């Protein structure tokens, strides 16, 4: 067993965490990598971790997990095209991937019951507590308006979600995660102008005005909002959640239901299940994309669920 720890260098008390990991895993061969800039963790996963280790633990939030997953997958790409056939999935399944939820949101951790307790993580690794889970693939337009592709493990959405993450990226975190998320979501909801979108997939057609259009692999986003109660990480399907014309007051009325990870009974909230979906704006305005808590670009986009591709420590 050889373990690589990939840690986000901006984690609070990073040196203490590094020392705790080194102490707990002193009897197992391991190495700790710490990112130094945005995107560095993806490079570390691609060029070092996969080549030399059979277990990779990613420490940070949902965005950090996304970076690490994309780096790992890039290491197993054996073709120039961006299709499913370009990756060596069987070799990938031999790598165990896990997480230390040390970021601000940590929403995917709630779906897989990941823990910050390093001793518990070690036990899961030793006991080989793993599950093959799905991964989402997305084709979209990046911030420079060039076509791009990327994988996601938790949730991708268009509409106000992208505006929320942009606000969070430009706001200091001195007030704490909960307050920052509350401010970003409520202030965006109060001012966001609904956009008309068209979505299509196998046996699925929909168009209308939305506040948010959510494509979920995991159940939670937005710092603990259980927006997709029936999402499964291993069935090869996305749970689609369409949020139409709701007011700030209606948001508050249903907030406790969402926090309990239960379906909202409201005429402007719909739930569907698809394996593949195309989403585009029916207006001239661009609609921004939130992927695993990070702004990545704009629709139109195509999303495909790749069933049971990642050997994840749960």
Hits in region 208-224 (condition: surrounded by 18 or more Cβ atoms within 10 Å (Cβ to Cβ) and modelled with pLDDT under 95): 210, 211, 212, 221, 222, 223
For the condition in contact (Cβ under 8 Å) with a residue 24 or more places away in the chain and part of a helix (DSSP H, G or I), what is the one hit in 151, 141, 108? 108
On the basis of being touching a strand residue (DSSP E or B) at 6+ places or on another chain (Cβ under 6 Å), in contact (Cβ under 8 Å) with a residue 60 or more places away in the chain and part of a strand (DSSP E or B), does residue 234 make the cut? no
Of everything in region 27-41, what is within 20 Å of residue 63 (Cβ to Cβ) and buried (at least 17 other Cβ atoms within 10 Å of the Cβ)? Give them in sequence order. 32, 33, 34, 35, 40, 41
Here are some conditions: (1) modelled with pLDDT of 95 or more; (2) over 21 Å from the mean Cα position of the chain (by Cα); (3) buried (at least 16 other Cβ atoms within 10 Å of the Cβ). Residue 201 meets all but one. Which one does it not meet? (1)
In region 64-89, residue surrounded by the fewest Cβ atoms within 10 Å (Cβ to Cβ) [restricted to those that are modelled with pLDDT under 90 and touching a helix residue (DSSP H, G or I) at 6+ places or on another chain (Cβ under 8 Å)]: 80
Which of (1) assigned to a loop (DSSP other than H, G, I, E, B); (2) closer than 20 Å to residue 125 by Cβ; (3) touching a helix residue (DSSP H, G or I) at 6+ places or on another chain (Cβ under 8 Å) does residue 3 not meet, given it meets every other one? (1)
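Filter region 154-167 down to the residues that are touching a residue at least 60 places away in the same chain (Cβ under 8 Å) and surrounded by fewer than 23 Cβ atoms within 10 Å (Cβ to Cβ), then identify the one that is farthest from residue 281 (Cα to Cα). Even if it seems obvious, please write down each step before you answer.
Narrowing region 154-167 to residues touching a residue at least 60 places away in the same chain (Cβ under 8 Å): 154-159, 161-166.
Pick out the ones that are also surrounded by fewer than 23 Cβ atoms within 10 Å (Cβ to Cβ) and you get 163, 166.
Working: 163: 15, 166: 19 Å.
Only one residue tops the list, namely 166.
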Which residue out of 311, 265, 278, 254 is farther than 23 Å from residue 184 by Cβ and without any contact (Cβ under 8 Å) to a residue 60 or more places away in the chain? 265
Of 85, 45, which residue is in a helix (DSSP H, G or I) and under 20 Å from residue 21 (Cβ atoms)? 45
Give region 180-192 a look and list any residue that's without any contact (Cβ under 8 Å) to a residue 60 or more places away in the chain, under 18 Å from residue 246 (Cβ atoms), surrounded by fewer than 20 Cβ atoms within 10 Å (Cβ to Cβ) and out of contact with any strand residue (DSSP E or B) (no Cβ under 9 Å at 6 or more places or on another chain), or say none. 182, 187, 190, 191
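The values are calculated or read from the model by the stated rules, or taken from the named source; none is laboratory data. Being a predicted model, the structure only gives us computed values, none of them experimental. All Cβ positions, glycine included, derive from the backbone under ideal geometry; neighbour counts span all protein chains shown.
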